[in-house]
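Scroll down for the structure; my scribbles are underneath it.
The values are calculated or read from the model by the stated rules, or taken from the named source; none is laboratory data. Just so you know, these numbers come straight off a predicted model, no measurement behind them. Here the Cβ is made from the backbone with ideal geometry for all residues, glycine too, and neighbour counts use every protein chain on show.
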């Protein structure tokens, strides 16, 4: 048994119990961060589709073909030094290429994780951006290149959420 006083024992017990009680894996919240051009180039390497090791035939799964098109387009877009990204680190990595200016953060091309829910990711991003840049640049989805991304942005940013 501990040779310490009752106050110290209570403090030790609380130090152990509070983090355990606060842990709730079902209540995950996406975390966002912005990255500049060079960091984004490195970050999308983790997202790059990996070809299958097969001797012949298609080396990409059907979902990876779309991802590869997005990845190649992302590499091209990153030739513009004003292009960086907003990355979401929830249950999975999502990188959204963004053109940054003082007046506007314009979303261009999301690199979605297969399990990602685009509408809820956009909703979370809108809320995060409003808190993080409340007197700065506005967030815009008007520059999204893919139709399905624009449709999800409109649903997420509408007043009728």
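Quick rundown of the values:
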read-out	value
Within segment 114-145, considering residues that are touching a strand residue (DSSP E or B) at 6+ places or on another chain (Cβ under 8 Å), assigned to a loop (DSSP other than H, G, I, E, B) and without any contact (Cβ under 8 Å) to a residue 60 or more places away in the chain, the one nearest to residue 74 (Cα to Cα)	144
Tally, over segment 77-93, of residues that are in contact (Cβ under 8 Å) with a residue 40 or more places away in the chain and within 15 Å of the chain's Cα centre (by Cα)	9
Unmet criterion (only one of (1) in a helix (DSSP H, G or I); (2) more than 15 Å from residue 34 (Cβ to Cβ); (3) in contact (Cβ under 8 Å) with a residue 60 or more places away in the chain) for residue 151	(3)
Residue within segment 10-31 that is surrounded by fewer than 12 Cβ atoms within 10 Å (Cβ to Cβ), at pLDDT 75 or above and under 30 Å from residue 134 (Cβ atoms) present	yes
Per-region count, segment 95-104, residues surrounded by 14 or more Cβ atoms within 10 Å (Cβ to Cβ) and without any contact (Cβ under 8 Å) to a residue 60 or more places away in the chain	5
